[in-house]
Amino acid sequence: MLESGYVACRGLCDTPVMDVRPVIMARSLVKRFGDFTAVNGIDVEIVPGEAFGFLGPNGAGKTSTMRMIGCVSPVTDGDLRIFDLDPSTDGREIRGRMGVVPQLDQLDTELTVAENLLIYGRYFDISRRDCRAKADELIEFVQLAEKRDSKVDSLSGGQKRRVSIARSLINDPELLLLDEPTTGLDPQARHVLWDRLYQLKERGATQVITTHFMDEAEQLCDRLVVMDGGEIVAEGSPQGLITEHIRREVLEVRFGYGRNEQQLPALDGVGSRIEVLPDRLLIYDDDGDAALSELHRREIVPESALVRRSSLEDVFLKLTGRTLIE
Amino acid sequence: MNTHAVSLPLRIVPTAMLSIRRPQRMIERSAYVYRRGWLILLSGFFEPLLYLLSIRVGLSALVGDIEMGGRTFSYDEFVAPGLMAAAAMNGAVFECTANVFYKIKHSKLYEAVLATPMSAGDVALGEIGGAVVRSGLYAIAFAITMWALGLVASPWMVLAIPAAMLIGFTFASLGMALTTFMRSWEDFEYVPAITLPLFLFSTTFYPLSQYGEWAWMVGLSPLYHGVELVRAADLGVWDGSIIGHIAVLVGLSVVGLAVASRRIERLLLT
Ligand SMILES: Nc1ncnc2c1ncn2[C@@H]1O[C@H](COP(=O)(O)OP(=O)(O)O)[C@@H](O)[C@H]1O
Ligand SMILES: [Mg+2]
């Protein structure tokens, strides 16, 4: 389905292959709005077939980065090349070869689902006939056949999101930019979307995804960068980041709101690191159950205790001292 | 004269023109939209028609005949082309002010389009082109009505249709350029404050000779140049001055288009 002048990596490689030309290459990329620096000198290289994530809280600079890559926002400073082309001079060609799902749906509210796809294909200069065939195929792909002739206004949030994804695929893009594809969706709608994105990845499309959901990044991304305050604070595969920065498991204990910090002296030596949140303590250890046994041995009785696997959320907490959401 | 005011169009006109590839896609989109809302299209036609009928019924007999280029015409023959030109202006202004503002500020349509290979120049020219097509349709309907009422004085009348489309082009461009500077819906209250005086004082209702020492000011109205063109075609009376009128309208169209595309780029590609 997706043809490209690049060797498609087809998701087999977890690390960039050096002899493949990157689809996206950013060096010291900067975006400023007046005096405010939204993206502060990031370096990124994304290879064909890869699913690459930008993970970070609101205001980290993810959308600003995506808009520069999408050639709808001029680069303030640094180098950016996409398909080995320059966005400032070859924006039209670059945009023609990629699909974009913006953070907020930009569907044509005056048109139906099918018309949205049709006219969007026409903007790419695809013949009317090919647009029609492709639109039907994509509407099927996102499971909206029964909504084909409904105005997009009447759709639910999840359905609109699926139309956005279908529309972004009308030109068989080599590169797909997805800005928070599942924010605001209920769990079921998220899983449908994840499944579609996974299928697209199987077909070889390069994907760039921003998210502030850890589970989403872990599900969808081969490799990701953690962004905070316009800068990249960590880079790696989801599992690699976890093993590099924190322990495999977390013991979450609660002693009641505001009373967690007082317990620290008593917990000295338990786990490899302890993170204090207002409502709970996070004790990182390769064996969470062992840490819990140690608590019992010391006769420390929390209101609740829970052992779980560490996630990217924990990595983010360690790197920035803050939680991702809120 | 301020050199900046001159050099700015010189700088932005070529860039805007060079970025244009497929503006017709915007017209295609409008066609999809109007396929369902064709009633809206009709509304723009009735207002000038009512003017025309009211003048035909009452005012004409009161005013008497008017002499132009050595020939005499009834008053309704004189006024009809003026109304046709004004209708072209109003239709274009309507299409390219409030509608465009909604698309820039609220519907995000242009942002979606600019994420594709389309450029700001494509968007601007496409939307203006849509207004021109609409002006053309109104002009044809209006011309047929005039003919049915016996108000067509010359077969050259067919040229009034491209003339009305040129008026549409000019006012759509200027209207769109102006809209890109508007901050809120309140700003649109100024639009009639501009179009109404133009409608009243562009030789629409009486010839230039009646304006006396204010005649030079009439020349500043873009609509005046349009009225002169439509009237020349309708009455079949013209001279070399129509070249000047065409040049003014084309010039304003191009500048309006360039400003509109440049501003859309500024507003949306941040
Ligand atoms: N057009 C703009 N003008 C001024 N500031 C902006 C603009 N767009 C984004 N910002 C600011 O840049 C920062 C990063 O925003 P954004 O890239 O949207 O972050 P994210 O997508 O990670 O939430 C935010 O503080 C935001 O307020
Ligand atoms: Mg964002």
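Just so you know, all these numbers are worked out from the coordinates, no wet-lab data involved. Since the model is a prediction, treat every value here as computed from it, not as a measurement. Cβ coordinates were reconstructed from backbone atoms using ideal geometry, including for glycine residues, and neighbour counts include every protein chain displayed.
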Inter-part distance where the range A:250-326 and the range B:228-270 are each reduced to a Cα centre, Å: 72
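Taking the number of other C-beta atoms within 10 Å as the exposure measure, put A:98, B:84, B:157 in order starting with the fewest. Before the final figure, lay out the partial values.
Values: A:98 25, B:84 32, B:157 21.
Starting with the residue having the fewest Cβ neighbours, the order is B:157, A:98, B:84.
What number does the range B:45-172 give for Rg over Rh if you use C-alpha atoms and the Kirkwood radius? Don't skip to the answer; put the middle values down first.
Numbers: Rg = 18.1 Å, Rh = 16.2 Å.
Radius of gyration over Kirkwood radius for the range B:45-172 works out to 1.12.
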Cα point-scatterer Debye curve for chain B, base-10 log of I(q)/I(0) at q = 0.09, 0.13, 0.16 Å⁻¹: -0.42, -0.85, -1.21
Inter-probe distance in nm under a simple model that places probes 7 Å from Cα toward Cβ, at residue B:41 and residue B:246: 2.8
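Determine, from the Cβ-Cβ distance of residue A:89 and residue A:33 and an R0 of 30 Å, the FRET efficiency 1/(1 + (r/R0)^6), rounded to the nearest 0.05. Write out the running numbers ahead of the final one.
On the way: r = 23 Å, r/R0 = 0.76.
For residue A:89 and residue A:33, the calculated efficiency is 0.85.
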Amide H within-cut-off set for residue A:143, under 5 Å, with H built and near neighbours excluded: none
C-alpha center-to-center spacing [the range B:128-200, the range B:52-77] in angstrom: 22
Mean Cβ count within 10 Å, highest first, over the residues of peptides B:215-224, B:87-96: B:87-96, B:215-224
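How large is the Rg to Rh ratio of the range A:41-122 when both quantities use alpha carbon positions and Rh follows Kirkwood? Could you put the intermediate results ahead of the total?
On the way: Rg = 14.6 Å, Rh = 14.7 Å.
Radius of gyration over Kirkwood radius for the range A:41-122 works out to 0.99.
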Rounded D (µm²/s) - the protein assembly as shown, Kirkwood Rh over Cα pairs, Stokes-Einstein at 10 °C, 1.306 mPa s: 57
All-pairs alpha carbon distance profile, the range A:247-309, 10 Å steps from 0, percent: 25, 63, 12
Residues of type lysines that residue A:147 reaches as a straight line, Cα spacing below 25 Å, ignoring anything fewer than 8 places off in the same chain: A:134, A:160, B:103, B:108
Extreme residue, positive dipole direction of chain A, given options A:236, A:290, A:200 (C-beta unit charges): A:200
Cα-based Rg and Dmax for chain A, where Dmax is the largest Cα-Cα distance (Å): 22.2, 74
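Would you calculate, for the protein assembly as shown, the mean residue ellipticity at 222 nm contributed by helices, counting each DSSP H stretch of 4 or more residues as -39,500 (n - 2.57) and dividing by all residues, to the nearest 500? Kindly include the intermediate steps, with their values, before the conclusion.
Working: 23 runs with 294 residues, N = 596.
Helix-only estimate at 222 nm: -15500 deg cm²/dmol.
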Dipole of the protein assembly as shown [Lys/Arg +1, Asp/Glu -1 at C-beta], most positive-end residue of B:166, B:149, A:251: B:149
q = 0.15, 0.26 Å⁻¹, the range A:87-173: log10 I(q)/I(0) [Debye, one scatterer per Cα]: -0.50, -1.35
Difference of contour (0.36 nm per residue) and Cα-Cα distance, residue B:10 to residue B:193: 62.9 nm
Cα-based equivalent ellipsoid of the range A:110-149: semi-axis lengths in Å, sorted from largest, via gyration tensor: 17, 11, 7
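Rounding to the nearest 20 debye, state how big the charge dipole of chain A is about its Cα centre with +1 on each Lys and Arg Cβ and -1 on each Asp and Glu Cβ.
On the way: 40 positive and 56 negative charges, 148 e Å.
Roughly 720 debye for chain A.
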In Hz, Karplus ³J(HN,Hα) per residue of the range B:241-251 (6.51, -1.76, 1.60; θ = phi - 60°; x = Gly, Pro): 4, 5, 4, x, 4, 4, 4, 4, 5, 5, x
Square roots of 5 times each gyration tensor eigenvalue, C-alpha, the range B:195-259, largest first, Å: 20, 16, 10
